[in-house]
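Heads up: the structure comes next, in structure tokens.
The values are calculated or read from the model by the stated rules, or taken from the named source; none is laboratory data. For clarity, every value in this text was computed on a predicted model and none was experimentally measured. Reconstructed Cβ throughout: ideal geometry from the backbone, glycine too, with neighbour counts over all protein chains shown. With ligands, DNA and RNA removed, areas are computed over all heavy atoms of the protein, side chains included. Shrake-Rupley method; radii C 1.70, N 1.55, O 1.52, S 1.80 Å.
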Amino acid sequence: MPRASSVNVEGSCEALCRTLVSQNGLQRETADISQSVLYTSLMGLLLVTDNEKGQLTLGSGRVGLKNIGNTCFLNAIVQCLSHTHALRDYCILRSYRHERYSKEEAKLTEAFSQVLAGLWDVNEVDTVVNPRQFYNIFKQAVPCFSGYSQQDAQEFLRFLLDKLHTEVNRKPNIRRTVKEPEQKYARFRCVWLCGKGSVSFMLALNSLSFLHLSLFFFISLRLSEEAAVMWKTHLDRDDSRIADLFSGQLRSSLHCSVCSHYSNTFDVFCDLSLPIPKRSSAGEVTLRECLDLFSQEEKLDKDNSPMCERCNKHTECTKRLSIQRFPKIIVIHLNRFTISRWSISKSTVYVSFPLNNLDLGPYGPVDSGPVLYDLYAICNHAGTVNMGHYTACCLDENGWWSYNDPSVTPVSENQLHTNQAYVLFYQRSNSSTTIRK
């Protein structure tokens, strides 16, 4: 399969440095500091030179994927990831070969990169790329995707990103050998005090306002500290280009209704799965309403709540989710499928979403300000639970294009808003990784 040009850093840099070491009698273990610095400097200069030579020359990217048997879910997600340009460049340049430290062969990453290289081949020899080798390797890693049954695109995306991350993890040998750091910083109890009488009440109110302000900054600082500790713990064992792009941090806040005890936990996420509100009178809902429903306060009864650390028992409490750390690429899953005891149903509610300047700031820390994202890819699902079909819509420098297995056709912005939108791919507008080539 033809592939876009890439730079072979391993060949040029390693060969020349081995020659320099041999000619100058340098040894990695015994060389003095000046020789070590010289060796490292030469490696850095050569890497910079090679990277400058390795600027990608790409085709249009408007190449379809062959359906090899109910693989529309795979084709749609691959096209969306193919238009995640920071990931595309990383794979086509084979940059992972110089970052990964795992002894295992990156078979899936190599096969995935080969597919992307075919899609962006500058010569565009192939009008359709066959992903069979990539899919076969993926099924070996995730056997539940074997066979020809209907598959869920969002589940495929999660498994794929997880497997790619595992192969290119920069810290693959770090294991959880000790207990996780206890999340203890952001736990406190609020005590409300108020004096009697008009004068004493006003004095108490002013003091209370100052106390609230001080308490607010104190809590925010402690939350940030704890979130940073947990994020560092995550990166100490899970650090890859996949994590660089897709990983964010969620905050789950619990408030005990008995003792007013607050506790916060932090978890890593690679996508947001949003509930869809019931159909409104206008017959549609907005993405903002889905986000509001996701982040609204939820009441938990004693049977469903965790144990309160202060009361030392299960109590009624409230729970709220928010975004503590925003990823560069945020994948939003519109949860259209509902599983009941006897069946699976699909929601066909029309969800409107912005193409530009999606502001997620209101769903993050109070001091985050505007956090803006732009849409660049959509995975659509048409049909029913048992008879469905996936397609993708992706943005390039000439506008939006529809990817339906081997077929690639232009599509207008007005045609993007349908009740088939299933997975939305947004990128931070102020991110250093740009959408366009």
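Once amide H atoms are built 1.01 Å from N in the peptide plane, which residues 5 or more positions from residue 269, or in another chain, come under 5 Å H to H?
The answer is 248, 249, 250.
Which loop-located trypsin sites (Lys or Arg not before Pro) does region 278-308 contain, where loop means any DSSP state but H, G, I, E or B and the Cβ has at most 16 other Cβ atoms within 10 Å?
Answer by residue number: 278, 279, 302.
Please sort by residue number the chymotrypsin sites (Phe, Trp or Tyr not before Pro) in region 334-429 whose DSSP state is loop and whose Cβ has at most 13 other Cβ atoms within 10 Å.
342
Report ³J(HN,Hα) in whole Hz for each residue of region 304-311, in order, from the Karplus equation J = 6.51 cos²θ - 1.76 cosθ + 1.60 where θ = phi - 60°; Gly and Pro get x.
10, 9, x, 6, 6, 5, 7, 6
Can you check what the net charge comes to around residue 59, using other residues whose Cβ is under 9 Å from the Cβ of residue 59 (Lys, Arg +1; Asp, Glu -1)?
-1
At 7 Å along the Cα-to-beta-carbon direction for both residue 104 and residue 273, put a label point, then send me their distance in nm to one decimal.
With each label placed 7 Å out from Cα toward Cβ, I get 2.3 nm.
Please compare each pair in 232/302; 103/232; 313/346; 232/319; 278/313 to a cut-off of 27 Å on the Cα-Cα distance and tell me which ones are over it.
232/302; 313/346; 278/313
Work through the residues other than residue 406 whose Cβ is under 12 Å from its Cβ and net out their charges, Lys, Arg +1 and Asp, Glu -1.
0
Would you pull out the residues with amide H under 5 Å of residue 308's amide H, same chain only if 5 or more places away, H placed 1.01 Å from N?
Those qualifying (amide H under 5 Å, at least 5 residues apart or on another chain) are 313, 314, 315.
Could you grab the Rg to Rh ratio for region 255-295? Cα atoms only, Kirkwood for Rh.
1.16
Once phi is turned into θ = phi - 60°, what whole-Hz ³J(HN,Hα) does the Karplus curve with 6.51, -1.76 and 1.60 give for every residue of region 361-373, x standing for Gly and Pro?
So the Karplus estimates, Gly and Pro as x, are x, x, 9, x, x, 4, 9, 6, x, x, 10, 9, 10 Hz.
Pop out the carbon and sulfur fraction of the accessible area of region 220-371 as a percent, whole number, probe 1.4 Å.
49 percent
Given a Förster distance of 51 Å, report the FRET efficiency between residue 366 and residue 340 from their Cβ-Cβ distance, rounded to the nearest 0.05.
The value I calculate is 0.85.
To make sure I understand the rule: partners must be aspartates and glutamates, Cα under 14 Å from the Cα of residue 66, and not fewer than 8 residues away in the same chain. Which ones qualify?
Output for residue 66: 126, 405.
Take the alpha-carbon positions of region 241-396, form their convex hull, and give its projected area averaged over all directions (one quarter of the hull surface) in nm².
So the mean shadow area of the Cα hull is 12.3 nm².
Residue by residue, what Karplus-based ³J(HN,Hα) values in Hz, rounded to whole numbers, does region 104-111 have, using 6.51, -1.76 and 1.60 with θ = phi - 60° and x for Gly and Pro?
Per residue, the Karplus-derived 3J(HN,Hα) values read 6, 6, 8, 5, 5, 5, 4, 5 Hz.
Restricting everything to alpha-carbon atoms, can you work out Rg to Rh for region 323-373 with a Kirkwood hydrodynamic radius?
Result: Rg/Rh = 1.12.
Can you list residues from other chains, or at least 5 along the same chain, whose modelled amide H is less than 5 Å from the amide H of residue 396?
The answer is 401.
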